[in-house]
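Heads up: the structure comes next, in structure tokens.
Derivation of every value follows stated rules applied to the coordinates shown; laboratory data play no part. Note that the coordinates shown come from a computational prediction; the quantities given were computed from them, not determined experimentally. All Cβ positions, even for glycine, are placed from backbone atoms using ideal geometry, and neighbour counts span all protein chains on display.
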Ligand code: GTQ
């Protein structure tokens, strides 16, 4: 494609006149807005070691009482976007949240969708829309757009989880806000019990559950068992992956971001083809090396987190030749599909 005229090619008086009228010439910026063949991406492949985050998070526990934080979170910020933007990719936000025994993070609801992937500790819970969801390592808990949620902790050790939100996108669209509320009354009934068995779902005679998000907690024990069965039953299948879905619709669990769990067989190397959405990886069990098509390599130990920009293939290798590795993945696929920009490049 041909080079286009530059801003400097224009006389200063003309440029000043444009500025005074809130006008901008397109052609000096056209190639940056519409790069040939592949989009420009600020998102840089980045990894965050849990070993590095943990002591800083525990120190936050000493420095800042929960009343002064509301949510005690260290944000995993992608340097490609600038740390102050607090985003992992164009649409994804990642934060590591700490709750100490006895603490309570008060009830609120907001427009961005969130999920929590529990990293360590027992005894904490998140109440979402009146449903009290216990939190254990590897459990995924949804707090979808508009639903009340609060976190509490009846255990004896610190509890840490990874927050994944579509906050950068919702903020960008100028629709991000929060409403504070009172402690929720816990209602009977648990989605993870009602929908615990594949292929059968509650079917009231009239209508469905009446809830847009019937399942709010996805226990790791169930997701892990599904992966192990899949690996055994389908030795021909390279990628042993499940998606977290809405059990009534079969659609992705939330509207904007997609969530998955992936098992790497002992010694397995798996290539994930280049696709338009950015990807987040979090190691639930075991370890893996992550190599991008651009040649960036990271070793992910248990509880480490990484982000890779879109349009980038990734090769994962299980660090163990004898044990499987389990990873939690988040991506922007539902968003890209809804916008009609989703692409697979191989
Ligand atoms: O736990 O509700 O990391 O509202 C950022 C915003 C967590 C939460 C975050 C939030 C929360």
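Observations on the structure shown:
- Percent RCO, i.e. relative contact order, over the range 206-263, from Cα pairs under 8 Å lying at least 6 residues apart: 33
- Full-extension gain in nm, residue 245 to residue 338, via 0.36 nm per residue minus C-alpha separation: 31.9 nm
- Tensor-based shape of the range 243-346 (alpha-carbon gyration tensor, a/c under 1.5 rounded, otherwise prolate or oblate): oblate
- Over the range 101-236, volume per residue of the alpha carbon convex hull, in Å³: 155
- Highest-MSF residue in the chain out of 279, 94, 33 [GNM, Cα springs under 10 Å]: 33
- Per residue, the chain reaches -4500 deg cm²/dmol at 222 nm when only DSSP H runs of four or more residues are counted, each adding -39500 (n - 2.57).
- Of the peptides 118-127, 57-66, the ranking by mean beta-carbon count within 10 Å, highest at the top, reads 118-127, 57-66.
- For the peptides 242-254, 173-185, residues were scored by their other Cβ atoms within 10 Å and the scores averaged per peptide; the highest-first order is 242-254, 173-185.
- The range 54-96 and the range 98-143 have their alpha-carbon centroids 16 Å apart.
- Taking label positions 7 Å along the Cα-Cβ direction at both residue 321 and residue 83, the computed distance is 4.1 nm, reported to one decimal.
- Normalising the average separation of contacting C-alpha pairs (under 8 angstrom, six or more residues apart) by the number of residues puts the relative contact order of the range 1-147 at 15 percent.
- Shape call, the range 137-189: gyration tensor on alpha carbons, a/c limit 1.5: oblate
- Across the chain, Cα-Cα distances exceeding 36 Å account for 25% of all pairs.
- Ratio of Rg to Rh over the range 279-331 (Cα coordinates, Kirkwood Rh, two decimals): 0.95
- Look at where the Cα atoms of the range 185-252 and of the range 281-346 average out, and the two centres are 23 Å apart.
- Comparing 314, 75, 24 in a Gaussian network model of the chain (Cα springs below 10 Å), the most mobile by mean-square fluctuation is 24.
- Principal-axis tilt of helix 220-233 within the chain, Cα atoms, nearest 10 degrees: 80
- Packing-based exposure ordering (other Cβ within 10 Å, fewest first) of 220, 161, 48: 220, 48, 161
- Highest-MSF residue in the chain out of 196, 32, 40 [GNM, Cα springs under 10 Å]: 32
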